[in-house]
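The values are calculated or read from the model by the stated rules, or taken from the named source; none is laboratory data. What you are looking at is a predicted structure, and each value in this text was computed from that prediction instead of being measured. Note: ideal-geometry Cβ built from the backbone for every residue, glycine included; neighbour counts use all protein chains shown.
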Amino acid sequence: MNDYSIPFNRSSIQGRELEHIFRTMTIGQIAGNQTYSQKCHAFLEQSLQVQKAMVTTSCTHALEMSALLLDIQPGDEVIVPSFTFVSTANAFTLRGAKIIFSDIRPDTLNLDERQLEGLVSSRTKAIVPVHYAGVGCEMGVIGEIAARHGLPVVEDNAHGLFGKFRGRWLGTFGCLAAQSFHETKNITCGEGGALLINDPRLIERAEIIREKGTNRSRFFRGQVDKYSWVDIGSSYVMSDVLAAFLFAQLEMWQNIQAQRERIWKYYDQHLRDWAREHGIGQPVVPAHCEQSFHMYYLIMPSLERRQALISFLKSRGILSVFHYVPLHLSPMGMRMGGRKGAYPITEDRSDRLVRLPFYNSLNTDNQDRVIRAVQEFDA
């Protein structure tokens, strides 16, 4: 990636990251769940109005905690879109679940809620919608179907922090939601995540699972005189050094979102005529969704033209990338019964989608270089 004059992603200091890291190291708090972790928890809880937030070592681990909290057992079925990152499915597969894949909508590339009811069976134990590119799934319909069948919803909100659906924050619809603070995300600490808990009945057990199956959190609150192993769990606690970096980014979230909104809209406006002329798709954001401005992508006419554009931009020193390979066509997915042609929209969009460079510090001059190069490509 260092060979590109315009990388696909680049992390940047947005506020008081170094100051906070220096402080947490100076006061000797470099383990987890200390001052800066607690600051992150409080910030997320107050900003999003969720019952409880817990920072974790990754979004993957937040999803794994969700599977543990829902007591997923071997043979249970969990509905997941095929067009997503492997962690969405793997977190539940680790508990022995059978993944039931869903196709996606052709517009937003989110789980197609119109197909959801037909995927529910007596063995279904959870529905896991993914808010692709930070554009909300149709949570009204998904919530109605889940309620009708008595099923929990776990939102994979890795892309969608500070996005909204019908005026309500993404991550607040399901009983649980997983956030990502990976280096490619709007707000980052390099590697990290968070579990948002909207069902208060799950909070106490979530604390135990996150602390290796112990009641350590109750001990530190003075509720028990010693802590012990009381349940299954693992080490999902983020270091306070990373939490210090993360808190500085959270403090600047409105500035970060404004930067990304400018970048997204600049791409969208300046590529609109070219895209229409060449029959190339641009992102679709329904009027009732307020996106998080996580990424900007194009839908090329074919796999061949997608690959050609990536190569063309590479020759200009610009790194663009494709995105998810359908999970149902992966070796693991095929072992679960996946077959080519089963989810045609997923397969089609996966072949044709290309993501353009998008990061907080992308300036207009470099963005103009990307736009000119795209427009010079023989689509």
**Fill in**
Residue pairs qualifying under the 6 Å Cβ cut-off, at least six apart or on distinct chains, with the first in the range 309-323 being modelled with pLDDT of 95 or more and the second being hydroxyl-bearing (S, T, Y), are I310/S320; L313/S320; G317/Y4; G317/S5; L319/Y4
**Message:** Let me spell it out: the conditions are (1) at pLDDT 95 or above; (2) surrounded by fewer than 21 Cβ atoms within 10 Å (Cβ to Cβ); (3) among the small types (G, A, S), and S228 meets all of them except one. Which number is the exception?
**Reply:** (1)
**Item:** For G28: the one exception among (1) at pLDDT below 95; (2) surrounded by 19 or more Cβ atoms within 10 Å (Cβ to Cβ)
**Value:** (2)
**Fill in**
When (1) in contact with a Leu (Cβ under 7 Å, 6 or more places away or on another chain); (2) over 21 Å from W169 (Cα atoms); (3) in the same structural domain as E207 (by TED's automatic domain parsing) are applied to P7, the one that fails is (3)
**Item:** Filtered residues of the range 183-200 (kept if crowded, with 18+ Cβ neighbours inside 10 Å and either without any contact (Cβ under 8 Å) to a residue 24 or more places away in the chain or assigned to a strand (DSSP E or B) (or both))
**Value:** G193, A194, L195, L196, I197
**Prompt:** Taking the range 335-353, which residues are under 24 Å from the mean Cα position of the chain (by Cα) and modelled with pLDDT under 95?
**Reply:** M336, G338
**Request:** Determine which member of the set F83, F43 is closer than 25 Å to T172 by Cβ, assigned by TED's automatic domain parsing to the domain that holds D231, hydrophobic (A, V, I, L, M, F, W, C) and in contact with a Pro (Cβ under 7 Å, 6 or more places away or on another chain).
**Result:** F83
**Asked** Are any of the residues in the range 8-18 crowded, with 20+ Cβ neighbours inside 10 Å, touching a residue at least 24 places away in the same chain (Cβ under 8 Å) and over 15 Å from Q249 (Cα atoms)?
**Response** no
**Complete:** Among residues of the range 260-309 being among the aliphatic types (A, V, I, L, M) and surrounded by fewer than 17 Cβ atoms within 10 Å (Cβ to Cβ), the residue nearest to L353 (Cα to Cα) is L303
**Message:** Of the conditions (1) touching an Asp or Glu at 6+ places or on another chain (Cβ under 9 Å); (2) in contact (Cβ under 8 Å) with a residue 60 or more places away in the chain, F219 satisfies every one except a single condition; which number is it?
**Reply:** (2)
**Matching entry among T93, T60 (being under 18 Å from the mean Cα position of the chain (by Cα), among the polar types (S, T, N, Q) and closer than 23 Å to H328 by Cβ)** = T60
**Complete:** Residues in the range 234-255 that are surrounded by 24 or more Cβ atoms within 10 Å (Cβ to Cβ), within 19 Å of the chain's Cα centre (by Cα) and of a type in the set (A, V, I, L, M) total 4
**Complete:** Exactly one of E117, E113 is assigned by TED's automatic domain parsing to the domain that holds D199, charged (D, E, K, R) and over 21 Å from the mean Cα position of the chain (by Cα), and that residue is E117
**Item:** Qualifying residue in the range 29-39 (condition: more than 18 Å from the chain's Cα centre (by Cα), within 17 Å of G192 (Cβ to Cβ) and free of Cβ contacts under 8 Å to residues at least 24 places away in the same chain)
**Value:** yes
**Asked** Do the conditions hold for A67, that is, is it in contact with a Lys or Arg (Cβ under 7 Å, 6 or more places away or on another chain) and either closer than 30 Å to P106 by Cα or among the β-branched types (V, I, T) (or both)?
**Response** yes
**Prompt:** Is it fair to say G174 is under 30 Å from I13 (Cα atoms), in the same structural domain as S66 (by TED's automatic domain parsing), part of a loop (DSSP other than H, G, I, E, B) and not acidic (D, E)?
**Reply:** no
**Request:** Taking the options S361, S330, S320, name whichever one is assigned by TED's automatic domain parsing to the domain that holds R260, hydroxyl-bearing (S, T, Y), surrounded by 19 or more Cβ atoms within 10 Å (Cβ to Cβ) and within 22 Å of the chain's Cα centre (by Cα).
**Result:** S320
**Item:** Enumerated helices (runs of 4 or more DSSP H) restricted to the range 65-167, each holding at least 2 residues that are under 21 Å from S180 (Cα atoms), in contact (Cβ under 8 Å) with a residue 60 or more places away in the chain and among the hydrophobic types (A, V, I, L, M, F, W, C)
**Value:** 86-93
**Item:** For Q49: the one exception among (1) surrounded by 14 or more Cβ atoms within 10 Å (Cβ to Cβ); (2) on the phi > 0 side of the Ramachandran plot
**Value:** (1)
